[in-house]
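Everything on this sheet refers to the single structure shown next.
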Amino acid sequence: MSRFLSAILVLGVLAAVLGITTAHQEILEPQLYLYITENFKADTGAHNAVAAILLNYRMYDTMFEALILLTAIIGMKQFLPSQEELADATEDGKKR
Amino acid sequence: MIEAGTVILMGVFAAMAIHARLLRQAVIYLAVFSLLAAFLYVLYAAPELAVAEAVIGSGLVTLLYLAALKRNREYTIALLAEGHRYRLSDAYINYMDRTRAIQEIRHFFELRELESQLVFTSITLNEALADPRFSLILLEERDGIAAYGSSDSYVMDELELVFLMHGGESGVRFIRYTPGDTEQDV
Amino acid sequence: MSPEERTARNAGELPEQSLILEVVIGFLYPFMLLLGFHVILNGHYTPGGGFQGGGVLATLFIARYVVFPVNDTGSEQLHLNQRFFLALILLAPTGLLFTGFVNRNPEFQSLYLTLMDILIGLQVGFGLGVAVLRFAFFQGVGKVWRL
């Protein structure tokens with residue numbers, strides 16, 4: 001029963017969000033959007049606005065995204081050591 | 001129309017993943033969710049993104065979740081009926097299931113989302129101590145229940161702490177053993 | 001599958017794998033590689049790009065694990081490669097983009113985009129490969145995993 005209710009809740013919130021967004025379109029300031037969609041080809045040589053933004057307009061974002069992946073994998077290595085690292089870390093040095 | 005249907009199905013699968021009874025089911029629902037997202041990308045004319053989403057969401061992430069779940073062990077609790085024939089009867093099982101100690105242990109495992117199963121068995125205490133499949137061995141004594149917790153398991157440290165703090169109320173005497181010990185060692 | 005791998009499997013050191021899986025994944029392996037590099041190299045034409053292509057490349061490690069689950073790849077070497085490509089990702093825009101070199105010379109623009117896509121794709125491929133291998137071959141730290 002609670003499962004049914006929560007499904008109803010999720011679907012209701014989803015329908016409400018979809019309905020609000022279709023009924024009421026927020027008008028954002030269009031300058032940046034218009035500038036990028038008109039000039040990205042001449043500015044960056046990309047045929048695809050997403051690549052233009054990721055690799056040229058917002059390159060800092062991409063660089064730090066790559067750094068985040070490195071951080072995640074360093075953390076993963078810390079928590080899931082391999083057998084050799086484990087053998088080095090234990091005091092008696094023998095493999096478990 | 002087909003987009004709206006896909007989005008609604010994604011919502012349904014997200015809710016099902018949250019409310020799945022088993023974690024494995026939730027992982028499979030999440031994989032289906034990713035597949036629907038990939039289908040949505042195809043509808044929006046981005047087949048490369050769809051391939052990447054299907055690969056990462058349904059392949060990589062599902063594999064990582066399943067590999068992590070494989071480490072999650074099921075805890076087997078043995079309830080010994082050694083020397084007492086009536087202890088294998090349905091009435092005794094029903095009675096023990098409703099005692100406070102068993103309820104507390106079940107609640108303890110439920111809180112940590114670990115699977116526990118209770119086994120009523122007629123083997124002796126020494127055999128149970130030597131058996132590595134059992135993490136916790138319960139034995140009813142004259143004035144309460146003796147709980148033998150395996151010492152190679154961190155969950156048993158916590159359980160011991162729980163019973164040390166208010167073990168007197170449920171009448172549980174907690175004893176630690178290392179697998180391979182006999183009754184005289186512990 | 002090399003002869004020594006075949007002998008290792010025949011000697012019973014590895015669990016028996018399904019022949020269908022082996023043949024199908026062996027057939028698909030080059031196509032997965034091709035698809036990964038296709039997505040990476042067409043990053044500035046199509047909605048793909050470095051990250052997506054890198055994800056496809058990382059499935060090669062899964063495919064190999066499914067058919068031949070032996071830990072001889074060396075995740076340490078893969079992680080070294082990832083750090084190497086990360087250093088290049090940090091260096092290339094610093095030298096090419098932020099100095100204004102690319103924006104002054106339009107003939108280098110798509111070359112720069114392709115270079116960055118390749119670097120990001122390889123970095124992500126190696127990184128996710130390390131993650132998959134770590135999870136797949138983790139044996140446990142004594143009693144931690146018994147919880």
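Conditions tested, residue by residue: (1) assigned to a helix (DSSP H, G or I); (2) under 30 Å from B:V12 (Cβ atoms); (3) within 23 Å of the chain's Cα centre (by Cα).
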{"position": "A:F4", "(1), (2), (3)": "yes, yes, no"}
{"position": "A:G12", "(1), (2), (3)": "yes, yes, no"}
{"position": "A:Y33", "(1), (2), (3)": "yes, no, yes"}
{"position": "A:A42", "(1), (2), (3)": "yes, no, no"}
{"position": "A:D61", "(1), (2), (3)": "yes, no, yes"}
{"position": "A:E65", "(1), (2), (3)": "yes, no, yes"}
{"position": "A:I73", "(1), (2), (3)": "yes, no, yes"}
{"position": "A:K77", "(1), (2), (3)": "yes, no, yes"}
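Among the criteria (1) of a type in the set (G, A, S); (2) more than 26 Å from A:L80 (Cα to Cα); (3) not assigned by TED's automatic domain parsing to the domain that holds B:E141, the one B:A81 does not fulfil is (3).
Can you find a residue in region B:66-84 that is open to solvent by less than 50 Å² (accessible area, probe 1.4 Å), acidic (D, E) and either closer than 30 Å to B:P179 by Cα or modelled with pLDDT under 85 (or both)? Taking every residue of region B:66-84 in turn, none turns out to be open to solvent by less than 50 Å² (accessible area, probe 1.4 Å), acidic (D, E) and either closer than 30 Å to B:P179 by Cα or modelled with pLDDT under 85 (or both).
Scanning region C:65-88 for residues that are of a type in the set (G, A, S) and in a helix (DSSP H, G or I), we see that the one that is surrounded by the fewest Cβ atoms within 10 Å (Cβ to Cβ) is C:A87.
For region C:58-70, the criterion of being among the hydroxyl-bearing types (S, T, Y), closer than 30 Å to A:R58 by Cα and within 10 Å of chain A (Cβ to nearest Cβ) is satisfied by no residue at all.
The values are calculated or read from the model by the stated rules, or taken from the named source; none is laboratory data. This structure is a prediction, so every number in the text was calculated from the model and none was measured. Glycine also receives a Cβ, built like all others from the backbone with ideal geometry; neighbour counts cover every protein chain displayed. Surface accessibility is based on the protein's heavy atoms, side chains included, excluding ligands, DNA and RNA. Shrake-Rupley method; radii C 1.70, N 1.55, O 1.52, S 1.80 Å.
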